[in-house]
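The values are calculated or read from the model by the stated rules, or taken from the named source; none is laboratory data. Fair warning: this is a prediction, and the values are worked out from it, not measured in the lab. Glycine gets a Cβ as well: all are built from the backbone with ideal geometry, and neighbour counts include every protein chain shown. For accessibility, only protein heavy atoms count, side chains too; no ligands or nucleic acids. Shrake-Rupley method; radii C 1.70, N 1.55, O 1.52, S 1.80 Å.
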Amino acid sequence: MAQNMRLDRFFSSQNLASRKEFRTLLKQGRVAVNGAVPAKADLKIDPERDEIFLDGTRIGYQKHLYLMLNKPRGVVSATEDRSQKTVLDLVPEELYRPGLFPAGRLDKDTTGFVLLTDDGEFAHRILSPKQHIAKTYHAVLDGPISEETAAQFEKGVTLKDGFTCLPAWIKTVKDGQNPIVEIILHEGKYHQIKRMAAACGRHVLSLKRIKMGGLCLDPDLPEGGCKALLHKDIQKLLEGQGAE
Ligand code: URA
């Protein structure tokens with residue numbers, strides 16, 4: 001619960017200082033709680049009500065953390081793996097928080113936007129097909145798509161195992177022998193795009209997630225890079241319901 005959090009834990013949860021660093025800040029008299037300089041690092045505070053200051057600046061409390069990761073190839077969307085690098089291994093120490101997990105999986109060979117968070121409720125919300133949060137991908141295919149394929153996507157592709165997907169959307173963004181197509185999905189079944197393409201006689205050569213809801217993958221974030229999202233980004237993530 002948010003109430004009764006130790007003051008040093010508050011600082012580490014907000015990525016402001018480790019517990020050890022916090023003791024130094026305290027000794028230096030740089031921390032204030034409700035106008036008074038606290039004596040002990042384990043002072044119990046209510047992070048949502050108490051006024052906490054560092055060097056005279058009020059620290060707002062962010063209960064959960066939301067990170068945008070640009071996943072490279074060869075990394076698995078798991079919290080731990082015995083032999084393979086996971087998306088959590090890419091989170092820099094200063095952004096790491098216990099409880100982080102990927103909200104939705106990309107295949108090992110898929111690149112792009114992975115949301116990492118410690119907010120289970122939010123993850124459920126953006127992943128649930130009922131919420132219609134769009135996930136947008138760019139795929140390089142082994143050949144062009146026909147009008148029938150586009151129509152099939154809009155109707156709901158029936159996979160080879162008989163499962164019928166929710167209506168999706170596909171358009172060519174770059175023609176050629178190996179065209180690039182943009183695909184928008186509202187659900188996330190295992191290997192979904194690869195299986196949808198296969199059901200339409202196409203093979204996916206490479207795949208990248210470029211957007212979740214209304215939030216685009218930051219073009220300045222290099223592969224393997226990770227950044228904290230702001231409140232306005234989170235709002236954007238919840239936008240873009242329905243095909244554009
Ligand atoms: N569809 C796939 O086939 N793979 C992914 O990683 C994501 C969507």
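At-a-glance table
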read-out: Test: residue in segment 152-170 that is surrounded by 14 or more Cβ atoms within 10 Å (Cβ to Cβ), over 26 Å from the mean Cα position of the chain (by Cα), farther than 22 Å from Val76 by Cβ and among the hydroxyl-bearing types (Ser, Thr, Tyr); value: no
read-out: Test for Ile126: is it among the hydrophobic types (A, V, I, L, M, F, W, C), open to solvent by less than 20 Å² (accessible area, probe 1.4 Å), within 27 Å of Lys174 (Cβ to Cβ) and modelled with pLDDT under 95; value: no
read-out: Selection within segment 80-127 - within 13 Å of the ligand (Cβ to nearest atom) and not in a helix (DSSP H, G or I); value: Pro102, Gly104, Arg105, Leu106, Asp107, Lys108, Asp109, Thr110, Thr111, Gly112, Phe113, Val114
read-out: Pair list, Cβ under 7 Å, 6 or more apart: segment 174-195 residue among the hydrophobic types (A, V, I, L, M, F, W, C), other residue at pLDDT 95 or above and loosely packed, with under 14 Cβ neighbours inside 10 Å; value: Ile180/Val173; Ile180/Lys174; Val181/Lys171; Val181/Val173
read-out: Residue in segment 153-168 that is within 13 Å of the ligand (Cβ to nearest atom) and closer than 30 Å to His231 by Cα present; value: yes
read-out: Pairs, first on the phi > 0 side of the Ramachandran plot in segment 99-127, second within 16 Å of the ligand (Cβ to nearest atom) and β-branched (Val, Ile, Thr), C-beta under 9 Å, six or more apart; value: Gly104/Val114; Gly104/Ile126; Gly112/Ile210
read-out: Elements of type strands (runs of 3 or more DSSP E) in segment 174-244, at least 3 residues being open to solvent by 20 Å² or more (accessible area, probe 1.4 Å); value: 204-212, 226-228
read-out: When residues of segment 176-197 are limited to those that are more than 8 Å from the ligand (Cβ to nearest atom) and touching a Lys or Arg at 6+ places or on another chain (Cβ under 6 Å), the one farthest from Lys155 (Cα to Cα); value: Ile180
